[in-house]
Amino acid sequence: MSNPDGLLVDIAAMVESEHNNQMALTVVVPGAVITGRLAPQSLWHERVAEVLAASDHLKPFAALFAAPGDGGADGEGVAPPAVRPTHLHLHVARILQGSYGLPQTGGMYRIAIADISSWTVGDLSYSDQ
């Protein structure tokens with residue numbers, strides 16, 4: 001999607017400004033449907049840093065995520081409130097594949113808003129009933 005959905009950008013901005021991580025969202029990107037809860041970028045960075053720090057093999061990478069205000073790996077850092085978000089940060093997120101969500105426990109995904117072709121409010125899940 002070359003022109004990001006303004007409403008989706010507004011939702012992401014509200015999540016950032018209110019530091020709220022309760023908004024469930026499902027998005028369609030090329031090759032995948034991803035469902036999870038929106039998180040402020042700073043919380044997303046913090047959680048990814050925690051996961052990496054707990055790994056013997058990945059611990060050195062934790063520093064790239066630990067201080068997003070210093071620019072992080074991509075130089076973006078945490079955007080000031082006046083800057084419109086360009087990415088969604090999902091936690092407890094799953095890629096929907098058939099009747100399964102991968103990973104089952106949920107993961108951390110960063111998605112460019114410009115790549116989202118459609119979306120809906122809510123966390124999609126499957127039921128055997």
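Stretched out straight at 0.36 nm per residue, the stretch from N20 to S99 would grow longer than its current Cα-Cα span by 25.5 nm. Computed over the Cα atoms of the range 19-60, pair by distinct pair, the Kirkwood hydrodynamic radius stands at 12.0 angstrom.
Using the Karplus relation 6.51 cos²θ - 1.76 cosθ + 1.60 with θ = phi - 60°, the per-residue 3J(HN,Hα) values for the range 15-32 come to 4, 5, 6, 9, 6, 9, 10, 9, 7, 7, 8, 10, 10, 10, 10, x, x, 7 Hz, with x marking Gly and Pro.
Here, each number is a calculation from the coordinates, and none is a lab measurement. Quick caveat: nothing in here was measured; it's all calculated off a predicted structure.
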